[in-house]
Amino acid sequence: MQQGSQYPYPQYQPPQYPGYPPPKSGGKTVLVGVLVLAGVGVGAFFLVTADRRQSTAAASSTAPAGEADKYTSLPRCSEVGSRMNNLPPLSSDGPAEPASTSDDQIQLSQLSCSWTKSGSSSGTVSMMLAKSLRPASGAGPGYAKAGYDTEVDRGAKPITEKIGKATKAVDVDYDQSGAMQCGVRFYQGNVDVTVVVTAADTADRNLERCRRNAHSLAKAASESLG
């Protein structure tokens, strides 16, 4: 600031600090102070940001994860049948095929197997593989378990003996007005399996034998999954 004759302001004398030289000019002092304050503000911003990132990372790492899919493919029907003795002929041995679903969290594949012969009891196996579209979301295993839960809700009796590697299994009863049928439904990882055995004719009412055959076929299906 320039001083003119019309405005005779007294010149400012800066205070003296023992051991320190006086400030050189007020303008530079203000500038340095602004820079220092700005630096403190930037440093504080990075500290807060870092703390928030650490908090977010900690929350993500502690979030519970769902059960991962155990299977990515289904066996062929011949692999199931190879674990059984005296089965009727296998009707077809095609690979698993895509299946439709309204659940947008999974992708379904289905395998249908049938062993039939006139005058002999027959057996069918249906496998549904549910692949989770988001890894470790638990959607696939959840779908498989839902089939078991549905049968339990309908009154099916859980099987206490071990059925291969099945997680849980139930005996399923069907309409007995025609040829007697009995079944097993179980889930194993992200696979839902239904087994049905049909008696040779309407005269065969041996439920114990029917269940025994169904359990054997269910065990073969379970072991074929690996």
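What number of residues in the stretch 193-226 are buried (at least 23 other Cβ atoms within 10 Å of the Cβ) and in a strand (DSSP E or B)?
So the answer is 3.
Examine the stretch 165-179 for a residue that is of a type in the set (Ser, Thr, Tyr) and at pLDDT below 95, and state whether such a residue exists.
yes
Within the stretch 162-192, restricting attention to residues that are of a type outside the set (Val, Ile, Thr), in a loop (DSSP other than H, G, I, E, B) and within 27 Å of the chain's Cα centre (by Cα), which residue is surrounded by the fewest Cβ atoms within 10 Å (Cβ to Cβ)?
LYS162
GLY147 - would you say it is in contact (Cβ under 8 Å) with a residue 40 or more places away in the chain and farther than 18 Å from ALA214 by Cα?
Against the criterion (in contact (Cβ under 8 Å) with a residue 40 or more places away in the chain and farther than 18 Å from ALA214 by Cα), GLY147 does not qualify.
Which one of VAL80, VAL152 is outside any loop (DSSP other than H, G, I, E, B) and loosely packed, with under 15 Cβ neighbours inside 10 Å?
Values: VAL80 fails: loosely packed, with under 15 Cβ neighbours inside 10 Å.
When all the criteria are applied, what remains is VAL152.
Look at ASP104 and say whether it is touching a residue at least 12 places away in the same chain (Cβ under 8 Å), within 23 Å of ASN190 (Cβ to Cβ), open to solvent by 50 Å² or more (accessible area, probe 1.4 Å) and outside any strand (DSSP E or B).
yes
Out of (1) free of Cβ contacts under 8 Å to residues at least 24 places away in the same chain; (2) touching a Lys or Arg at 6+ places or on another chain (Cβ under 7 Å); (3) of a type in the set (Gly, Ala, Ser), what's the single condition that is false for SER177?
That leaves (2) as the condition not met.
The values are calculated or read from the model by the stated rules, or taken from the named source; none is laboratory data. Worth saying up front: this structure is predicted, and the values here are computed from it rather than measured. A quick note on method: Cβ atoms are made from the backbone with ideal geometry, for glycine too, and the neighbour counts reach across all protein chains shown. The accessibility values were calculated without ligands, DNA or RNA, using every heavy atom of the protein model including side chains. Shrake-Rupley method; radii C 1.70, N 1.55, O 1.52, S 1.80 Å.
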